[in-house]
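Structure, as structure tokens:
Just so it is clear, none of the values below were taken in a lab; they were calculated from the coordinates. Nothing here was measured: the structure is a model prediction, and the numbers come from that model. Positions of Cβ are generated from backbone atoms using ideal geometry, with glycine treated the same way; all protein chains shown enter the neighbour counts.
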């Protein structure tokens with residue numbers, strides 16, 4: 001393999017990485033006066049979004065959320081003032097790549113891949129619009 005081919009391969013890899021980052025959603029959990037929200041601060045839509053509430057490492061609630069466009073947010077009325085549990089969002093980008101966001105003790109982190117197991121049966125998921133307002 002000559003130097004020109006090596007340079008072309010490196011350029012291709014860097015282009016693919018740049019393009020993937022250009023559409024990556026980044027969900028964060030923010031707290032406001034009216035309670036918790038999930039916001040998409042990334043560059044692309046967050047699709048197939050599932051909210052997980054954890055106690056320790058055990059999932060106690062899994063809720064299907066709507067897709068979140070870049071710059072959008074959703075009030076988590078069903079977890080309005082909960083400060084005791086861990087929140088995790090799992091979601092996909094437009095190309096099907098998996099991501100997770102986690103909030104614990106007011107610290108939000110993101111990761112590639114799913115950091116909690118998602119329910120295999122979408123029928124078992126609660127739907128956000130069906131849940132009552134809650135301070136817990």
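Quick notes on this structure:
- Residue under evaluation residue 59, criteria (1) within 15 Å of the chain's Cα centre (by Cα); (2) surrounded by 15 or more Cβ atoms within 10 Å (Cβ to Cβ), criterion not met: (1)
- Taking the criterion of being within 23 Å of residue 119 (Cβ to Cβ) and surrounded by fewer than 17 Cβ atoms within 10 Å (Cβ to Cβ), the residues of segment 65-74 that qualify are 66, 67.
- Where strands (runs of 3 or more DSSP E) fall wholly inside segment 18-136, the ranges with 3 or more residues that are without any contact (Cβ under 8 Å) to a residue 60 or more places away in the chain are 35-40, 47-55, 58-64, 73-75, 86-92, 98-104, 107-112.
- Check on residue 100, within 16 Å of residue 35 (Cα to Cα), under 17 Å from the mean Cα position of the chain (by Cα) and surrounded by 14 or more Cβ atoms within 10 Å (Cβ to Cβ): no
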